[in-house]
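Take this structure, written in structure tokens, and hold onto it; I'll ask about it next.
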Amino acid sequence: MTAKKLTIAGKAWDLSKEPPYRKTFLERLAGIGTAPMKAVRLYCYQCSNYNYAEVRACECRDCPLFVLKWNRNKRKAETKELENKGVAE
């Protein structure tokens, strides 16, 4: 059986030696490309010990990514509101 290998940022990873949760992490990391919010979500997944329930329940306000992750819809709404206000004036 051949081992599945990934190359991420110039480093080769042999997935046959990694535990299942780490395999998932590395596979997703390889597929990110340049999508910043995907990278934030993936970082949260790693930080919460590879547990999506912990990611959803995270209330760590000390994390610098907390603002990006949890206030995204609020920021979009504020931007839309400002644009509408500018058009109305």
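Which of the residues belonging to region 32-50 are in a loop (DSSP other than H, G, I, E, B) and exposed (fewer than 12 other Cβ atoms within 10 Å of the Cβ)?
Passing the criteria: Gly33, Thr34, Ala35, Asn49.
Checking Leu6 against (1) surrounded by 14 or more Cβ atoms within 10 Å (Cβ to Cβ); (2) at pLDDT 75 or above; (3) among the hydrophobic types (A, V, I, L, M, F, W, C), which single condition isn't satisfied?
(2)
If you don't mind, another one. Would you mention how many residues in region 69-88 are hydrophobic (A, V, I, L, M, F, W, C) and modelled with pLDDT of 75 or more?
2
Additional query: Which residues, counting only those in region 52-74, are surrounded by fewer than 14 Cβ atoms within 10 Å (Cβ to Cβ) and touching a Phe, Trp or Tyr at 6+ places or on another chain (Cβ under 8 Å)?
Tyr52, Cys60
The values are calculated or read from the model by the stated rules, or taken from the named source; none is laboratory data. Since this is a predicted model, take the numbers as computed values, not measurements. Note: ideal-geometry Cβ built from the backbone for every residue, glycine included; neighbour counts use all protein chains shown.
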